[in-house]
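Each remark here refers to the structure printed beneath this line.
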Amino acid sequence: MSIALLIPDRKLDQLQQKLQQQLPGVTIEIWPEISKPEAVDFAVVWRQPANSLTAFPKLKALQSFGAGVDSILSDPGLPDVPLARIVDPDLTRSMLNYLHGVLLHYQLRFDQFAMQQQKQQWKARSPRKIQQLCVLGLGELGKAAALYFQALGYQLSGWSASPKQIVGVACYAGLNEFAKAVAEADVVICLLPLTAQTENLLNDQRLSQFKPGAILVNVARGAIVDDLALLQNLDSGQLGAACLDVFRTEPLPAEHPFWQHSAVLLTPHISAVTNADTAVLQIAENYRRVQAALPMFNLVDKQRGY
Ligand code: GLV
């Protein structure tokens, strides 16, 4: 029995060490250097190369190293074993900090002051009116964001694929109610999972249902937004600005117009990065549960995609 860590493009020595401290005596190896593939029964994965898991015939369970699992489920060679994901208060806190920072950035017009600074222009402006927020996706992070901003005094609406009830949040569900959910929002925060249903959800039709001048914040997955439609809606002024932390291709290719667009604020997918210190506790716990033939915590519904 051994654990394989399949997280390409990331230094994994520390994760290996930290996990080893939790699971002394268990063999933990970093892909592709796996000494006995037939001994691997548990794998920690994130954007694993397609079909790489087929090398492990005795795999019993998969543990995502992140909150989202789209990059794991898209593997054509995904074994038919349970998959768990990280649900971590630390990840949630990091997301809420990011979103709060972004809201204040726009509220205090730091975007406009940065442009004024380039022109050495001294011009005071009163804060932007940002009162209504809409959160798309009311799962773990979406619900936390809605409740957090509601407690700070913002008015909240929320939209999700299936109906949800959150006290103090006007909840809408299904495509028919999308327009109502976003109609009054000054800022729309996207925290949806990427599934076949949400891919390109934010296309020209839906962006045109936003309140004119609204700001889009995408901290979910790049493929939920139709890039061209977003650029057109920014250029026409239908959208006031977009803050993007996630992209269809990451790193964002050098020639992509988002880099140069004056209404786009972009960050390199850092809104909620898994904290290895807290994640290893969940990973180790799930590993022990698999060994004891117990169901893992934070299981993903692979059919649903989240
Ligand atoms: C980050 O994008 C995650 O899904 O954890």
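The values are calculated or read from the model by the stated rules, or taken from the named source; none is laboratory data. Everything numeric here is computed off the predicted structure, so don't read it as measured data. We place every Cβ from the backbone using ideal geometry, glycine too, and count neighbours over all the protein chains shown. To get the accessible areas, we keep the full protein, side chains included, count just its heavy atoms, and leave off ligands, DNA and RNA. Shrake-Rupley method; radii C 1.70, N 1.55, O 1.52, S 1.80 Å.
Counting only residues that are hydrophobic (A, V, I, L, M, F, W, C) and within 12 Å of the ligand (Cβ to nearest atom), which one in segment 74-98 is nearest to residue 286 (Cα to Cα)? Outline the logic, then answer.
To start, the set of residues in segment 74-98 that are hydrophobic (A, V, I, L, M, F, W, C) comprises 78, 81, 83-84, 86-87, 91, 95-96.
Next cut, within 12 Å of the ligand (Cβ to nearest atom) only: 86-87, 91, 95.
On the way: 86: 10, 87: 12, 91: 18, 95: 24 Å.
Step by step, filter segment 74-98, then rank; the result is 86.
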Review point. With respect to residue 125, is the statement that it is of a type in the set (Lys, Arg), crowded, with 16+ Cβ neighbours inside 10 Å and over 26 Å from residue 173 (Cβ atoms) true?
Key: no
Exercise for review: May I ask you to verify whether residue 241 is closer than 30 Å to residue 22 by Cα and either in the same structural domain as residue 139 (by TED's automatic domain parsing) or surrounded by 18 or more Cβ atoms within 10 Å (Cβ to Cβ) (or both)?
Suggested key: no
**Study point:** Filter result for the condition that a residue is open to solvent by 80 Å² or more (accessible area, probe 1.4 Å) and either at negative phi or in contact with a strand residue (DSSP E or B) (Cβ under 7 Å, 6 or more places away or on another chain) (or both), over 301, 277
**Key:** 277
Study note, to complete from the structure: If we keep only residues of segment 257-289 that are assigned to a helix (DSSP H, G or I) and within 30 Å of residue 228 (Cβ to Cβ), then the residue farthest from the ligand (Cβ to nearest atom) is 257
Review point. Considering 293, 229, 254, 241, which residue is in a strand (DSSP E or B) and over 25 Å from residue 67 (Cβ atoms)?
Key: 241
